[in-house]
Amino acid sequence: MKFRRRRGDNTIPVQVEGNHKLEIVWTVIPIILLIILGVPTVQSVFGLSKDYSKDPDAVQVIVTSHQYWWEFEYPQFGIKTAQEMVIPTNAKIAIETKSGDVKHSFWIPALAGKIDSNAGANVNTMYFEAPKPGVYLGKCAELCGPSHALMDFKVKAVDEASFDRWIAALKEPVELPADPAVREAFVSKCLSCHAVGDQGGMIYPNLTGIGSRETVGGILVNTDDAKYANEGTVYENLKRWIEDPDKIKPGNGMGKVALTEQELDGIAKYLSELKLDY
Amino acid sequence: MTIKNRHSVFDCRRIFFLIGGLEAILIRIQLWKPLNNFVSADMFNELLTMHGTTMIFLAAMPLLFALMNAIIPLQIGARDVAFPFLNSLGFWTFLFGGLLLNVSWFTGGAPDAGWTSYVPLAGTTYSGDHGVDYYVIGLQIAGIGTLLGGINFMATIINMRAPGMSFMRMPMFTWTVFITSALILFAFPALTVGLAALMFDRLFDANFFNPANGGNTILWEHIFWIFGHPEVYILILPAFGIISEVVCTFSRKRLFGYSSMVFATMLIGFLGFMVWAHHMFTTGLGPVANALFSIATMLIAVPTGIKIFNWIFTMWGGSIRFTTASLFAIGFIPTFVMGGVTGVMLAAAPADFQYHDSYFVVAHFHYVIVGGLIMGIFAGLHYWWPKMFGRMLNETIGKITFVTFFIGFHMTFFVQHFLGLLGMPRRIWTYLDGLGFNGLNLISTIGAILMGIGTVAFLINIVITAAKPRNAADDPWEDGRTLEWAISSPAPEYNFAQTPLVRGYDALWKEKMDGNKGMTPAEPLGSIHMPSPSILPFIMSVGLFIAGFGFMYHNYYIGAAGLIIMFACMVIRSVKDDHGFHIEPDELQGKGVKA
Amino acid sequence: MAADNHTLTEERPRRHRLEGPQKHVIAFIFSVVLTLLAFALVMSGEMNETFIYIMLVTMAILQVIIQMAFWMHMKDRGHLFPIIGILAVPSSHLPVSLWHFIGFGGKQPIHN
Amino acid sequence: MSAHSHADGKLPHEPEKATLEGRNKVLGFWLFLGGETVLFGTLFSAFLALRHQVGEGNPTGQELFQLPLVALATFLLLTSSLTSVFAIQAMHRQQTKQLISWLVITVLLGLGFLILEIYEFYHYVHEGHGFTTSAFSSSFYTLVGFHGAHVLFGICWISLLIGQLMKKGLTVITAPKVYVSAMYWHFIDVVWVFIFTVVYLMGKVG
């Protein structure tokens, strides 16, 4: 260290008041750097704010956030789904976000920046594009309650043909469980809030095609080759969820539903077989 | 009580700092591995809310206030602050506000909507218990104390300077405190209104933030950040001041570019009010607002850069002594630069769409607040400890504190930048396995524990030091430049037996260089008038505390009783003249008159 | 009181001038006239809304400047403009910017 | 203390600034008013942001506000501001009796203003414009009510000072108190100028 004081060193360094040249240099250079940085910043602010919500070539998706789940409405196709957003690759996806309760923030880290979904009338828009097919993880980025951490969703980018097949499959009627006891329980205890096909309520996530989704509840990953605590087959995950939803996502609105062992088993089995072909 | 507490009140402020630190460690323990169940999701939200609120309002600001109280009158050659009564009132309201906030742990749940308390989550529909009520009322009461403090320091610095101490001769710490006080004065009332509106919404069913009845949730964000952004500068500016003092003393050199430092401080304070919406880029304000606020925010980098360069050039060519205080100051500079660089990154709105509300932001503001402010406070405490308590802190333990804290800090927060870039949102209770977050989170937790060890080392240092005799010299670092080093350690209660005459910038250093033994007095030795201690501030704060509880639980009689206690104290204060007491010259003899 | 020695700035001998009530009465009359004008403008109706708003705010600011200058004893000592800065900058800055961001009082919600 | 040296009743021309305490008090109070300005600025912001959020079927400001009443209240407060200036002038002439009478008039005018405001609120509530009716009503009552609370505080404060003046007379201790209370009173009047403009007149226009 050049300027370290040695023991017993009593010399007094030169008391410099300042240096105008130096001070101007280190004021001007940062200003120039900031201008260089500022121009692209302003450009891309306006670039990202382009409105595709009226563009017929873009896929319109209305995203409604709820305490710990996501609803995706495709107004051009008249369909609604939840927790898994299927999009075609290489198309502009025009998002409109709003909230059903508190403020959340819609974020797919690998595809785009985030945009808040505000409570009340402040609707936000954004757009993005997925160049490659694949499954992307989506997140809620704004503290929204105990299960904020668990408010995940998936974005599945597929080619245009399978996207069209998905739309068609989603519109097809869905058969209810064959077993009358299970059907009775399913209709009275599940369809009061959830929907399959054109039947049931719309308060909570739409279950059409849940058997072919990547996850149950956004966080229980469906796989035949479970590695982690949050993984299992669709059937196992569904059963785990229905048994005690609060254990998986604390504070969610579903609560424990009184079901017998047979009913639980039957409903989980039925839902796990509720697959979409696309 | 009015005068004496300014050197002894450290304890409760430190306790809040320790509570906040404990909450941080619990948070980090919960996050050390994926899908951990160490604390419940509800508990985690309470911890993160209380950690933020405690650290900012009850630890960082009061610790700064303690330093300001002890040092500002000394640096400007004053006997006391302008309003000793308000000073004491500010302290007690802060204490009781903080107490009220922390009582919530034992009454069914602490606030859990984050320190920003965004509505509607913080409204009664989604936070039905009393948690957020404690936040609203506790902060309101503590905020009174801060506002009074701000007014007090401004009046002190404007009116109470010693003869010859012109504005452009004031030490840098005094300057930063002056600007900070102005920021407090103009920022805190916005918080007062925001908290009052939220309180009306929660307790009396008002509709400010209730969209169902026409309320607007974005309004809260605006009000909160109009206060909240200046608040960040309220915190960091005094730290800049401390660093300026410490760097000069231990480099044995005059501050490089003093006037540009003063100007930069003013500019930072001014710009601090123009940039609040950069916390709201993703809220949806539209491209025009986002672009303007991006540019305004980036501008702040210029005055901050000036400061950094000035510190480096103060050290350049100096004769640097590596004491603990000096190490903290030197460690501060690169750390703060990193926080500043990520700040500019965040200022670019399009990039912020990606960084916002992720761990990148967490890393950024911890670099600024812990790496900036807390390191600054540590530097200041080690530097001024002998002046406040008459005892030197142990340098060996001090260096252990620095090394563990500094390494622990960078371990904790450096990796968090990458967690954010990998897509980890902030304020999450847990994370799934297999996302690549595990290793970095583990490192971060180990770092947090190291920081905890550093803090414990500091506490041990305090305890050991307290047992030693009070033998610190007047100018224990031998290179003191400012007025506080001209009087005995600890400073007597009247500070200066004779008001000193200030003949230039770095008043004491100038006398030393001119071969004088100490300051020239500006007045003959005479009797010194002192204000009487008063119990009223304490009772007023108790009144507010009671009123807070009364309103929170809708017991209006108790609420009114609390307010009556407070107003009654105000009446007594107004009616009863405080004639104070005098310290006569013969009492001053033998206590070492030197002025 | 020993502390008296502290201040350098205020020790200059000041002109001990006693003021009469006239100028305060004039300020009062000005204020009353401005107030009446504002009320009359609104009560008469039949005018462009934006024009009325601008007139109202202008008259309010004018009246406040008059009152501060004469009544808050600011005119004599050259303190008026710094003080107006302290009081008016934050007070106008806040409402104007917030009003803008929240969409002009909900009349034209920008984000909808 | 310099108070002793003036015990013979001869006060300096500006007794409020004769001591360091007095000068501190005046300066500190100016700063406090700066903070108050931001406080009211924020309240005005909230009101401006919410003033059209009336809700279905609730009375609007246009329907509610009665300008003659507001004009009367304005006149009362404006006059009280003038009388408080007269009080300070009397103080500078060291005419304690006149000072007290002007302060009493000020307090009475303030009281009149407050009674009008209470009547007005009472009337509005009966028209279906309660505190919890809509975002507009909440922000209206909060803004105007905060101002009303300031008036009430001012009335109590100045009354207390009148009592002190009667008991202790005009000294270098009481003078700064009277002076800052007059500053406070002017400030309340200044805020009211903006309230009648922004809330009532602009509300009447639409």
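Some notes on this structure:
- The residues of region D:121-136 that are buried (at least 19 other Cβ atoms within 10 Å of the Cβ) and part of a helix (DSSP H, G or I), listed by number, are D:Tyr124, D:Ala135, D:Phe136.
- Inter-residue pairs, beta-carbon under 6 Å, first within 28 Å of A:Thr97 (Cβ to Cβ) and in region B:268-283, second among the basic types (Lys, Arg), 6+ apart: B:Thr282/A:Lys114
- Meets criteria (in a helix (DSSP H, G or I) and either at positive phi or at pLDDT 95 or above (or both)) for B:Phe96: no
Results for (1) more than 7 Å from chain B (Cβ to nearest Cβ); (2) part of a loop (DSSP other than H, G, I, E, B), shown as yes or no for each residue.
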{"position": "A:Phe106", "(1), (2)": "yes, no"}
{"position": "A:Pro109", "(1), (2)": "no, yes"}
{"position": "A:Gly113", "(1), (2)": "no, yes"}
{"position": "A:Asp116", "(1), (2)": "no, no"}
{"position": "A:Met126", "(1), (2)": "yes, no"}
{"position": "A:Ala130", "(1), (2)": "yes, yes"}
{"position": "A:Tyr136", "(1), (2)": "yes, no"}
{"position": "A:Leu143", "(1), (2)": "no, yes"}
{"position": "A:His148", "(1), (2)": "no, no"}
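- Any hit, region B:530-546, residues being within 14 Å of chain C (Cβ to nearest Cβ) and part of a loop (DSSP other than H, G, I, E, B): yes
- Residue within region D:17-26 that is small (Gly, Ala, Ser), outside any loop (DSSP other than H, G, I, E, B) and within 11 Å of chain B (Cβ to nearest Cβ) present: yes
- Any chance D:Gly110 is without any contact (Cβ under 8 Å) to a residue 40 or more places away in the chain, within 16 Å of the chain's Cα centre (by Cα) and in a helix (DSSP H, G or I): no
- Condition broken by A:Glu160, with the remaining ones in (1) closer than 15 Å to B:Leu435 by Cα; (2) over 15 Å from the mean Cα position of the chain (by Cα) satisfied: (1)
- Criterion (of a type in the set (Ser, Thr, Tyr) and either closer than 23 Å to B:Cys569 by Cα or away from every other protein chain (no Cβ under 11 Å) (or both)) met by exactly one of D:Tyr141, D:Tyr200, D:Tyr122: D:Tyr122
- Taken as a whole, region A:64-72 holds at least one residue that is within 13 Å of another protein chain (Cβ to nearest Cβ), at pLDDT 90 or above and not in a loop (DSSP other than H, G, I, E, B).
- Annotation note: of B:Gly149, B:Gly128, B:Gly145, the sole residue that is crowded, with 24+ Cβ neighbours inside 10 Å, of a type outside the set (A, V, I, L, M), within 26 Å of B:Thr107 (Cα to Cα) and at pLDDT below 95 is B:Gly145.
- Residue match in region B:488-508 (condition: free of Cβ contacts under 8 Å to residues at least 60 places away in the same chain, assigned by TED's automatic domain parsing to the domain that holds B:Leu86, of a type outside the set (Lys, Arg) and under 30 Å from A:Ile12 (Cα atoms)): yes
- Residues of region B:101-134 that are in contact with a Leu (Cβ under 9 Å, 6 or more places away or on another chain), in a helix (DSSP H, G or I) and farther than 26 Å from A:Lys98 by Cα: B:Leu101, B:Asn102, B:Asp133, B:Tyr134.
- Verdict on B:Val103 being hydrophobic (A, V, I, L, M, F, W, C) and touching a Pro at 6+ places or on another chain (Cβ under 9 Å): no
- Options A:Gly197, A:Gly209; residue that is under 25 Å from A:Val155 (Cβ atoms), touching a residue at least 60 places away in the same chain (Cβ under 8 Å) and either surrounded by 13 or more Cβ atoms within 10 Å (Cβ to Cβ) or out of contact with any helix residue (DSSP H, G or I) (no Cβ under 7 Å at 6 or more places or on another chain) (or both): A:Gly209
- Checking the stated criteria, A:Lys171 turns out not to satisfy the condition of being closer than 20 Å to A:Arg240 by Cβ and either more than 19 Å from the chain's Cα centre (by Cα) or not assigned by TED's automatic domain parsing to the domain that holds A:Trp241 (or both).
Every residue, every condition in (1) among the hydrophobic types (A, V, I, L, M, F, W, C); (2) in contact with a Leu (Cβ under 9 Å, 6 or more places away or on another chain); (3) outside the structural domain of B:Phe332 (by TED's automatic domain parsing), yes or no:
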residue	(1), (2), (3)
B:Leu235	yes, yes, no
B:Pro238	no, yes, no
B:Ile268	yes, yes, no
B:Val288	yes, no, no
B:Thr297	no, yes, no
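- Region A:118-165, subset closer than 22 Å to A:Lys50 by Cα and of a type in the set (S, T, N, Q), residue surrounded by the most Cβ atoms within 10 Å (Cβ to Cβ): A:Asn118
- Residue count for region A:10-21 under the criterion of being surrounded by fewer than 11 Cβ atoms within 10 Å (Cβ to Cβ) and more than 55 Å from the chain's Cα centre (by Cα): the result is 3.
- Counting only helices (runs of 4 or more DSSP H) that fall entirely inside region B:310-388 and contain at least 2 residues that are facing another protein chain (nearest Cβ under 10 Å) and closer than 30 Å to B:Ala289 by Cβ, the qualifying elements are B:324-347, B:349-355.
- Subset of region C:57-83 [over 25 Å from C:Val25 (Cβ atoms) and either in contact with a strand residue (DSSP E or B) (Cβ under 6 Å, 6 or more places away or on another chain) or at pLDDT 80 or above (or both)]: C:Val57
- Between C:Ala27, C:Ala40, the distinction of being crowded, with 19+ Cβ neighbours inside 10 Å and assigned to a helix (DSSP H, G or I) belongs to C:Ala27 only.
- Any hit, region D:46-67, residues being assigned to a loop (DSSP other than H, G, I, E, B), more than 22 Å from the chain's Cα centre (by Cα), within 8 Å of chain B (Cβ to nearest Cβ) and crowded, with 20+ Cβ neighbours inside 10 Å: yes
- Any pair with Cβ under 6 angstrom, 6 or more apart, that starts in region A:94-116 at a residue that is free of Cβ contacts under 8 Å to residues at least 24 places away in the same chain and ends at one that is in a strand (DSSP E or B): A:Ala112/A:Phe128; A:Ile115/A:Thr97; A:Ile115/A:Phe106; A:Ile115/A:Asn124; A:Ile115/A:Met126
- If you go through region B:422-471 and keep only what is in contact with a helix residue (DSSP H, G or I) (Cβ under 8 Å, 6 or more places away or on another chain) and of a type in the set (S, T, N, Q), you end up with B:Thr430, B:Asn441, B:Ser444, B:Thr445, B:Thr455, B:Asn461, B:Thr465.
- Residue that is farthest from the chain's Cα centre (by Cα), among those in region A:212-263 that are of a type in the set (S, T, N, Q), surrounded by 18 or more Cβ atoms within 10 Å (Cβ to Cβ) and closer than 19 Å to B:Pro34 by Cβ: A:Asn237
The values are calculated or read from the model by the stated rules, or taken from the named source; none is laboratory data. These numbers come from a predicted model, not from an experiment. Ideal geometry is used to build each Cβ from the backbone, glycine not excepted, and the neighbour counts take in all protein chains shown.
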